[in-house]
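The values are calculated or read from the model by the stated rules, or taken from the named source; none is laboratory data. Since we're looking at a predicted model, the values are computed, not measured. As a convention, Cβ positions derive from the backbone with ideal geometry for all residues, glycine included, and neighbour counts pool all protein chains shown. For accessibility, only protein heavy atoms count, side chains too; no ligands or nucleic acids. Shrake-Rupley method; radii C 1.70, N 1.55, O 1.52, S 1.80 Å.
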Amino acid sequence: LPILLPAATTTEQLLQQIDRLNADPRVHGILLQHPAPAHIDERRCFDRIAIEKDVDGVTALGFGRMAMNEPAYGSATPAGIMRLLHHYNIPIEARPAVVVGRSPILGKPMAMMLLNAHATVTICHSRTRNLPEIVRQAEIVVGAVGKPQFIKGDWIRDGAVVIDAGYHSQATGDIELSGIIDRCSAYTPVPGGVGPMTIALLMAQTVAAAEKALGR
């Protein structure tokens, strides 16, 4: 159930709430809605979540375990993207992939998940030099930079798999999709692509956490 806290809540008060949920055997998953208000130490609060209840994959410990290919609940959006790729039998192994974005709960875990699936991964961001040329080499492109239509359609090679993990006003993502729909081999629409998979993976990982806690 949602727990709504007043705007004046301090980091210490939020940590106390997380501790209470960590200790509650009826709670199997904890989602801290983010971004948190500026006065909250978001990373400290994320990392207070018990690893077995980190169903949104936001803790540093969970990220580390996932990066080492050890059991952990992956960050929900990149985990949802990986589920999409596997569901549609899109080959990943040995393919050049470019992730444009380096946020701790999207770009970085996305790159690690692709690497664990044996893709050859390049991580870029808004300050990367020669970005169009780098993106053009990719067979899998993930837009996770958080800027509307930052990645232009003419940067993307014919036949690429295009994953747009952004959502902005006027229903646009991080990638200029209009010019590539007829050229790419697969793409995620905005809206209706990555967003619903994020929610689905969060729910699936919560169910998995509950089953594990109940010994099923």
Problem - ILE92 in a loop (DSSP other than H, G, I, E, B), open to solvent by less than 30 Å² (accessible area, probe 1.4 Å) and among the β-branched types (Val, Ile, Thr) - result: yes
Problem - segment 12-38, subset under 24 Å from the mean Cα position of the chain (by Cα) and more than 14 Å from ASP56 (Cβ to Cβ), residue surrounded by the fewest Cβ atoms within 10 Å (Cβ to Cβ) - result: ALA38
Handout entry: Breaking point among (1) without any contact (Cβ under 8 Å) to a residue 24 or more places away in the chain; (2) closer than 20 Å to ARG157 by Cα; (3) not small (Gly, Ala, Ser), for VAL98
Key = (1)
Problem - All positions within segment 56-88 that are open to solvent by 70 Å² or more (accessible area, probe 1.4 Å) and under 23 Å from GLN137 (Cβ atoms) - result: TYR88
Fill in the blank from the handout: Pairing a residue in segment 12-24 that is within 14 Å of PHE46 (Cα to Cα) with any residue that is part of a helix (DSSP H, G or I), where Cβ atoms lie under 8 Å and the two sit 6 or more apart in sequence or on different chains, gives LEU14/CYS45; LEU15/ARG44; LEU15/CYS45; ILE18/CYS45; LEU21/LYS53; ASN22/LYS53
Handout entry: Test result for ASN22, polar (S, T, N, Q) and under 25 Å from VAL161 (Cβ atoms)
Key = no
